[in-house]
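Okay, structure first, notes after.
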Amino acid sequence: MFVQDRAVRGPLDLFHRTYHSLLRSSGEIQVQALAELFAALEPSLHHGVRESAPDLSALTYTSLRLPSCIDQVRLVLLGQSHEVFARSGYGDVLNWQKVNAPGRRRKMFFDGNETLAVLIASPSDVDDLMPMLVSFQLEWNKFYERLSDELAASTRPAPDSATLIERMGLTAEDVGRLRTIWGERLDGRLAAMARHKKRIAVRMLGGSLMDYERATLRWWWQIEEQLSQLNMQQRPIYFVSSNTHSLINLFSGFALRNSDELLAFIRERAHADLVAEYEKIVEAQVPSSLENFLYYVQKKYQAESASKAYFERRADEEQLLGIHRVASRFYVDVDAQVIELGKLDPAVIDPRLRLEGSERLSESQALIVNIDYPLGLAAYHILKIIARSVGELCGVYVVGKAATLNGKIGDVLIPNVVYDEHTDTTFSFAPAFRAADVEPYLAHGSVLDNQKAVTSRGTFLQNSAFLEALYRDFFTDVEMEGGPYLSAIYEQTFASRYPTGDTVSFLRPPFDIGFLHYASDTPYSKGHNLGSRNLSYFGMDPTYATSLAVARRIIQQELARLG
C-alpha cells in the first residue's frame, strides 16, 4: 500500500520533517534553506520548480494566497494568538495593519515595514504556508535573475514595465494572467523583482498543542458569549463545515423574494453575460438552476455600495428566522452561523427544501452550527471543542473542495473511506449521502459515491509519484479536513485518543456522518489547479447541490427525531 512506500513518501516526509524541526528554533530560519528539498520533492503545484523560466501557474497560486505586502516582507512571524505575539515582545499585533489574501482565509497583520504576523490555527497552517513561501521566493528570484543586471542598479531610474516584460520574454497571455492577479500592482511588483532578491525568514512563536487548543477554545467562547440566549449547552446540534453563504441562502430564501432588485442590478450595471444566462434559464435552454443563479447575483450585488439597504433588510429578516452570524474576531479565522430550526418558515425557504411534514420543525429545539470550513488539523480542534461544549451532536456534515484523480472540475465526490496522512490511520464508515441525494440538483457535473479519500497534509506536499501511488490503491479524492474530523469523531465514539497507524470502522457511529467534496483541481492535468482557473459562476452548481443535500438530510433527520 502507498502509505508504506517510502520511495514515494521519502522526499515529502523529509521536506515536512525538516521545516518542522527548523521551526523549533527560537530564532529566525531562512526560507532559502528549504529550497533544494522543496525542488527535490517535485511538487505537483510547482511543475517548473527547476526550470529557469518562471512557472506562472505556481506564481499565480501563491500570489493569490499571500498578502500583497509580501513584496516588502522580510520576516514572517507565526503564532496562535495575539497574546503569543505580545509575550514574545511584539506588542499588540492587532494594532498593525490588517492584511489578507484573496485565496486563503488567515488572520495576518503587517507592521508597515518588513514584518508579517500570521495567526495559525494548527500545524496545517504551517504545512500550507511554508511551502508557499518557498515557492513564491523561488519564482520571485527567477524574475530577479533575469532582470538583475543593469536594470537592478540602484543608481538608475526605475525601469518601465514594458521594458521588464520584454526582458522576461513574457507573452501577451502571460502578462494578462499577471495583470489579473496583481492588478495595478503589476508595474510596481515587476520593478521590485528587478531591484532586489527575495530573502524571507520565518520565526515560530509558541507552537505547542496547548497553544492551538487554547486559541480554539477562546474562539468558541466568543460564539457562546454572543449567542448566550440560545443556551447551546442544553440543545441538540447538527454540525456543518461548509461556507458562509449557501446554507443561509437556502434557509432564508431572501434572494428569491427579492429577485426583481437583483435582476435590475445586473441589467443596470450592464452584466450582459448574466442577463443572457438568466434568459437562457427562463427559456429552459440551459439546465442551470434559477435559485442558484439568484444566489450568485446576490453575492455580486453585495460589492455594490447601492446594496446597503438590501442587505440591512436581509439581516433583519434573518434575525426573525433565527439565523445568527458570528464573525471571527481574534483567534481562529473561521466565521460561524447558528440557525434555529424551530424558527424557520417553510413557506419562504428554498422550494427544494420543502419536505413533507417540514411544518413540524416549529416544534424543534435543535440548532445548526455551520462554520466556514477550516484548514486541516484545525478541524480536529474545532469539532472536539464544540462536541464537548454542546448538549448533543446529532450529525456531522462536511462540505468542501477537493482534488479528483478520476473526475473533472465540478464533479461531486462522496467518500466512505478516508486515509489520514496526519495519523496514518484509515477510517471507513457508512456515509449519510449517496449519489441520488445530490444528482437531482447538479446540472453540470457527475456525482461519484463509494470513493476513497486521502487527507493530505498540504496542497504543495504532493507530487506525481504520490498521486500515482494513491490511484493504484483506488484513492481518487484528495482533500484536507476529513481525517482530522474523523479523529475528533473517534474520540466521541471510543474511550481513548484517536489512533495512529491503525484501521478504524465506525460500525455504530454516535451520530450521522457525511462528507461531500466538489472537485476544484485535477492534479493529473499539469497546471490545472486553482492557480490557473477558478470555479466562478459554475462553482455555484456543485456548491448548492451539496448544500441542498446537507440541508435536506438535516430536515429529514430532525423530523425523524421529533417522531
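The values are calculated or read from the model by the stated rules, or taken from the named source; none is laboratory data. Predicted model only: the values in this text are computed from it and were never measured. Quick reminder, even Gly has a Cβ in these numbers, built from the backbone with ideal geometry, and neighbours come from all protein chains shown.
Couple of notes before you dig in:
- Of all the listed residues (Phe330, Phe311), the sole one being assigned by TED's automatic domain parsing to the domain that holds Glu291 and assigned to a loop (DSSP other than H, G, I, E, B) is Phe330.
- The lone exception for Ser288 - which of (1) in a helix (DSSP H, G or I); (2) surrounded by 13 or more Cβ atoms within 10 Å (Cβ to Cβ) it fails: (1)
- Residue tally, condition surrounded by fewer than 20 Cβ atoms within 10 Å (Cβ to Cβ) and either within 24 Å of Leu290 (Cβ to Cβ) or of a type in the set (Phe, Trp, Tyr) (or both), over the stretch 338-357: 10
- The number of residues in the stretch 159-216 that are in a helix (DSSP H, G or I) and not small (Gly, Ala, Ser) comes to 30.
- Among the residues making up the stretch 198-216, those that are modelled with pLDDT under 95 and either surrounded by fewer than 17 Cβ atoms within 10 Å (Cβ to Cβ) or within 17 Å of Ile382 (Cβ to Cβ) (or both) are Ser208, Leu209, Met210, Asp211, Tyr212, Glu213, Arg214, Ala215, Thr216.
- Criterion violated by Leu247 - all others in (1) in a loop (DSSP other than H, G, I, E, B); (2) under 30 Å from Ile386 (Cα atoms); (3) touching a helix residue (DSSP H, G or I) at 6+ places or on another chain (Cβ under 6 Å) satisfied: (1)
- Remark: pairs (first residue in the stretch 191-203, farther than 19 Å from Tyr19 by Cα; second residue part of a loop (DSSP other than H, G, I, E, B) and modelled with pLDDT under 90; Cβ separation under 6 Å; 6+ apart in sequence or on different chains) = Ala191/Ala158.
- Close pairs from the stretch 21-34: first touching a residue at least 40 places away in the same chain (Cβ under 8 Å), partner basic (Lys, Arg) and surrounded by 13 or more Cβ atoms within 10 Å (Cβ to Cβ), Cβ under 6 Å, at least 6 apart: Glu28/Arg203
- When we screen Leu413, Leu377, Leu361 for residues that are under 17 Å from Leu562 (Cβ atoms) and either in contact (Cβ under 8 Å) with a residue 60 or more places away in the chain or among the hydrophobic types (A, V, I, L, M, F, W, C) (or both), the only hit is Leu361.
- Gly79 vs. criteria assigned by TED's automatic domain parsing to the domain that holds Ser25, farther than 22 Å from Ala192 by Cβ, small (Gly, Ala, Ser) and surrounded by fewer than 17 Cβ atoms within 10 Å (Cβ to Cβ): no
- Any hit, the stretch 386-393, residues being surrounded by 24 or more Cβ atoms within 10 Å (Cβ to Cβ) and under 22 Å from the mean Cα position of the chain (by Cα): no
- Taken as a whole, the condition of being closer than 16 Å to Leu256 by Cβ, assigned by TED's automatic domain parsing to the domain that holds Tyr544 and in contact (Cβ under 8 Å) with a residue 60 or more places away in the chain applies to Phe293.
- The residues of the stretch 390-414 that are outside any strand (DSSP E or B) and in contact with a helix residue (DSSP H, G or I) (Cβ under 7 Å, 6 or more places away or on another chain), listed by number, are Val390, Gly391, Leu405, Gly410.
- One residue stands out among those in the stretch 359-385 that are part of a helix (DSSP H, G or I) and among the charged types (D, E, K, R): the one that is nearest to the chain's Cα centre (by Cα), which is Lys384.
- Scope the stretch 43-97; condition under 28 Å from Leu186 (Cβ atoms) and free of Cβ contacts under 8 Å to residues at least 12 places away in the same chain; matching residues: Gly48, Arg50, Glu51
- From the list Phe136, Phe239, the lone residue that is crowded, with 18+ Cβ neighbours inside 10 Å, touching a Cys at 6+ places or on another chain (Cβ under 9 Å) and modelled with pLDDT of 95 or more is Phe239.
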